[in-house]
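The values are calculated or read from the model by the stated rules, or taken from the named source; none is laboratory data. Since this is a predicted model, take the numbers as computed values, not measurements. Counting neighbours? That spans all protein chains shown, and the Cβs are built from the backbone with ideal geometry, glycine included.
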Amino acid sequence: MKTTGKAKDAEDFSKLPLPELEKKLDATADGLSEAEAAKRLDRYGANEIPEKTVSPLMKFLSYFWGPIPWMIEIAVVLSAIDGHWPDFFIILLLLFANALVGFFEEHQAGNAIAALKSQLAARARVRRDGDWKDAEARKLVPGDVVHLRLGDIVPADVRILNGKEAELDQSALTGESLPVTRQEGDAAYSGSIIRTGEFDGLVYATGANTYFGHTAQLVQESGGKSHFQRAVQQIGNYLIVLALALVAVIILISLFRGDPLLGTLQFALVLTVAAIPVALPTVLSVTMAVGAKLLADRKAIVSRLAAIEELAGADVLCSDKTGTLTMNKLTLGEPFCLGDIDKEAVILAGALASRADGADAIDTAVLGGLTDPAAAKAYTVKTFKPFDPVSKDTEAELAGPDGAVIRAAKGAPQVIMAMSSLSDAQTADVNTAVDGFAQKGYRSLGVARAEGDGPWTFLGVLPLFDPPRDTAKDTIERARAMGIDVKMVTGDQLAIARETSRVLGLGGNILDAATLGDAKHHEGVRADDAIENADGFAQVFPEHKYHIVSVLQDNDHIVAMTGDGVNDAPALKKADCGIAVSGATDAARSAADMVLTTPGLSVIIEAVDEARKIFQRMNNYAIYRIAETLTVLLFMAASIMIFNFYPMTAVMIVMLALLNDGAILSIAYDNVKGSETPERWNMHRVLGISTLLGLIGPVAAFGLFYIADRIEQMPHDQIQTLMYLFLSVSGHLTVFIARTRGPFWSSRPANILLLAVFGTQLLATMIAVFGLFMTSIPLSWALIVWGYALAWFVVTDGFKVLAYRHLVTPVNSTPG
């Protein structure tokens, strides 16, 4: 696709005087010829959003690239060279399992652009060769003239050429809760909906160069490696470096001793396999997948598994206002009544000048304010004049219940005041009321009534606003109690944002987004610092939301972002956890990592609590997995280097990995208590505690080895079986140490975890006693191994508690 110009050019074109714009575009109000339109279509490209695509095959292959996959692949190759086919197939299976989990997890992430494209108008009425024609919207080009009327979707960025004043619904684009008024010369953005009025428009930007297209471009540019992916990579790198160092030492010592090279390489391979956390990404992903099902039960659908971990660590929640904190539904506020006029009389007169067909949001709001809807139904409409953008009012002539004819009018306060005879004092009172409503961001409607052909009597002013959701204030308070700073982000005017913030108790520091790009802000404060300290932002465009999220992320915050419109899509994609609220557009849902299926924000707090529990399970597994890997690595390496003895066979190591990692999947269902503060991967703590546990393990193993070899003088093949059973039993008991920060009994494990651990260890005991794939040992020795492992389990748990208390500063004091 060919395109010229940039979003900045389109922005300039939106402000140029019309004569200059026509000159730059070489266009007139008569439109283009078909021949010229065809040339421009080739020059500018189709009026659609360009989409970057990656082939599914390349996406799948990308999961085989990286430190952990490389080590697994080396192990696969070495297994094939050495003819160890059971190892070869087992490792290969785990490698593909990891890739498949990652591929399907991200499969839905590319739908955001398609959803944005579906929002564009499919067809448009365009003037070509002097005639109006119905054409595909994708064939529009800069310089075209289109005709738009009530209900149409604006097909490209246009400047209004003629026609009366129009009102456009831009809520899905800019987040403004109220329709905006546009006049001749003003810009109308692609994707806006015409609510009132009719006009011709000069197309000045199409496709990716439109305001809408710029939004889509931000969506494509968003995203990056998650904290989860970085944590897995750190853990993998730690184990891989340690494994390579130990393997290198073993090879050098073996060569120095004159051991057979093939045997040395074979065992180096086994150690490498033992060290690689092959199942780490899979187990963590399965843990999150199980958590995703729990979140779905709470009406939160997860589309990207890693977002669960991000939500657990979120310390800033950027919340869209319209439709998220508020109802996105115009509502009638408390009216201003002139003199001693009754409130119900003011509302009734406004309702009589409204239509009940639901087409106009203002009419629906006024009618909804009636205490007794039957009061308005008692009147019969004789004539009705719809809202006129020029006169700025709506009038109706009706017959009352008694047959008497009345007239009712509502509209811009200054217009209704001019129709009526008001004293200076009354005029001042009305203006004061209108100004007061304006300071709160309310839209004001003047209301008047006349008897028959008599003069108009001004009754009062009706304020209209978008009310906060009932649960919003409580949700904000709960979020703050959980260590989450809530910031409101809205496209509405500053006055509306401040009033909403006041009602919700968010705070008074609401910034105008127009200042966010400045190097300096209020009183010399840096713009980035202003974003950090702000309670909310008003008059925000998509690039502002994107910038806000970026700055907060650069300041080391994990950012969750809620939204419902097309305008929110870039920020939702950029955020660490993008949350599309109930009723969101397809574009918002596709860009988001999580979609809420029930109204309100309270479900977010429930989702955060559940996400923190899921994070605890992943953290516990990571400590267990690293500790066990270290124990096996160090014990094997030390045995070979010091005693020139292989304490386990290759088959034993493979069986150890399969039994333990297979059963440990049940940790995804473990009982844990979520943190009261945002969770993060504290790698110093994870690696510190797991290293401590991993160092104690070999000490215990060598104690048993000494008893069996030096005291009991058992045959070496039986000692290998003995060590296999000990490492299997003590290894699985380690999970009960890793899952708590207090003593192991401070948090009861889930029944499924207990069943999985003791079930697999019963199987391991039977394998050792009956000699399956190894030399059998007496049952008495198997029981001795169990008792020895349990004794060391209690000792190790004591060291862990001391480590958390003195060596490591815990994130919170809650066990589990």
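Here Ser171, Ser177 are screened, and the one residue that is under 30 Å from Gly563 (Cβ atoms), in contact with a Lys or Arg (Cβ under 8 Å, 6 or more places away or on another chain), assigned by TED's automatic domain parsing to the domain that holds Arg43 and at pLDDT below 75 is Ser177.
Residues of region 584-623 that are more than 20 Å from Met482 (Cα to Cα) and among the hydroxyl-bearing types (Ser, Thr, Tyr): Thr585, Ser590, Thr597, Thr598, Tyr621.
In region 674-691, of all residues being out of contact with any Lys or Arg (no Cβ under 7 Å at 6 or more places or on another chain) and within 22 Å of Asp797 (Cβ to Cβ), the one that is surrounded by the most Cβ atoms within 10 Å (Cβ to Cβ) corresponds to Ser690. Taking each residue of region 523-544 that is farther than 24 Å from Ile476 by Cβ and in the same structural domain as Lys321 (by TED's automatic domain parsing) and looking for partners that are basic (Lys, Arg) and modelled with pLDDT under 85 with beta-carbon atoms closer than 9 Å, six or more apart or interchain, yields Arg526/Lys520; Ala527/Lys520. Would you check if there is a residue in region 391-411 being assigned to a helix (DSSP H, G or I) and assigned by TED's automatic domain parsing to the domain that holds Pro455? Scanning region 391-411, I find no residue that is assigned to a helix (DSSP H, G or I) and assigned by TED's automatic domain parsing to the domain that holds Pro455, so the answer is no. Would you confirm whether or not region 662-680 contains a residue that is assigned by TED's automatic domain parsing to the domain that holds Tyr238 and more than 30 Å from Ala314 (Cβ to Cβ)? Taking every residue of region 662-680 in turn, at least one turns out to be assigned by TED's automatic domain parsing to the domain that holds Tyr238 and more than 30 Å from Ala314 (Cβ to Cβ).
Within the span defined as region 220-233, every residue fails to be at pLDDT 80 or above, closer than 21 Å to Pro542 by Cα and assigned to a helix (DSSP H, G or I). Determine, yes or no, whether Val278 is in a loop (DSSP other than H, G, I, E, B), at pLDDT below 75 and in contact with a helix residue (DSSP H, G or I) (Cβ under 6 Å, 6 or more places away or on another chain). Spelling it out, Val278 is indeed in a loop (DSSP other than H, G, I, E, B), at pLDDT below 75 and in contact with a helix residue (DSSP H, G or I) (Cβ under 6 Å, 6 or more places away or on another chain). Here region 18-61 is the region considered, the condition is being hydroxyl-bearing (Ser, Thr, Tyr) and over 14 Å from Arg127 (Cα atoms), and the residue that is modelled with the lowest pLDDT is Thr53.
Output the residue which, of all residues in region 454-490 that are part of a strand (DSSP E or B) and over 30 Å from Lys343 (Cβ atoms), is modelled with the lowest pLDDT.
Among those that are part of a strand (DSSP E or B) and over 30 Å from Lys343 (Cβ atoms), it is Val489.
Here's the yes/no breakdown for (1) more than 40 Å from the chain's Cα centre (by Cα); (2) buried (at least 24 other Cβ atoms within 10 Å of the Cβ):
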position	(1), (2)
Leu294	no, no
Leu305	no, yes
Lys321	no, yes
Lys329	no, no
Gly333	no, no
Cys337	yes, no
Ile347	yes, yes
Leu352	yes, yes
Asp360	no, no
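Per the conditions (1) over 22 Å from Gln170 (Cβ atoms); (2) outside the structural domain of Thr562 (by TED's automatic domain parsing), the sole criterion not satisfied by Ile476 is (2).
Here Ala584, Ala627, Ala592, Ala588 are screened, and the one residue that is crowded, with 24+ Cβ neighbours inside 10 Å, under 16 Å from the mean Cα position of the chain (by Cα) and at pLDDT 80 or above is Ala592. Selection of region 608-650 for residues being assigned to a helix (DSSP H, G or I), of a type outside the set (A, V, I, L, M, F, W, C) and closer than 24 Å to Leu733 by Cβ yields Lys613, Gln616, Arg617, Asn619, Asn620, Tyr621, Tyr624, Arg625, Glu628, Thr629, Thr631, Ser639. Among the residues of region 498-520, not a single one is assigned to a helix (DSSP H, G or I), within 25 Å of Ile362 (Cα to Cα) and outside the structural domain of His547 (by TED's automatic domain parsing).
A quick yes/no check of all residues on (1) over 25 Å from Gly505 (Cβ atoms); (2) assigned to a strand (DSSP E or B); (3) small (Gly, Ala, Ser):
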site	(1), (2), (3)
Thr324	no, no, no
Gly339	yes, no, yes
Glu344	yes, no, no
Ala351	yes, no, yes
Arg355	yes, no, no
Ile362	yes, no, no
Val366	yes, no, no
Thr371	yes, no, no
Ala375	yes, no, yes
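Evaluation of Ala637 against the conditions (1) crowded, with 24+ Cβ neighbours inside 10 Å; (2) over 20 Å from Gly291 (Cα atoms) shows that the sole unmet condition is (1).
Of all residues in region 124-164, those satisfying the criterion of being buried (at least 18 other Cβ atoms within 10 Å of the Cβ) and in contact with a Pro (Cβ under 7 Å, 6 or more places away or on another chain) are Ala124, Ala137, Leu140, Val146.
When Glu679 is tested against (1) under 30 Å from Ala479 (Cα atoms); (2) free of Cβ contacts under 8 Å to residues at least 12 places away in the same chain, only condition (2) is not met. Scanning region 457-487 for residues that are over 22 Å from the mean Cα position of the chain (by Cα), crowded, with 20+ Cβ neighbours inside 10 Å and among the charged types (D, E, K, R) yields a single hit, Asp466. A search for C-beta distances below 7 Å between a residue of region 415-428 that is in contact (Cβ under 8 Å) with a residue 24 or more places away in the chain and within 22 Å of Thr394 (Cβ to Cβ) and any residue that is buried (at least 16 other Cβ atoms within 10 Å of the Cβ) and of a type in the set (Asp, Glu), counting only pairs 6+ apart in sequence or on different chains, returns Val415/Asp393; Ile416/Asp393.
Name the residues in region 368-392 that are surrounded by fewer than 20 Cβ atoms within 10 Å (Cβ to Cβ) and under 20 Å from Ala412 (Cα atoms), would you? Scanning region 368-392 gives Gly368, Phe384, Lys385, Pro386, Asp388, Pro389, Val390, Ser391, Lys392. When each of Leu762, Leu733, Leu727, Leu783 is tested for being at negative phi, under 40 Å from the mean Cα position of the chain (by Cα) and assigned to a helix (DSSP H, G or I), the lone residue that passes is Leu733.
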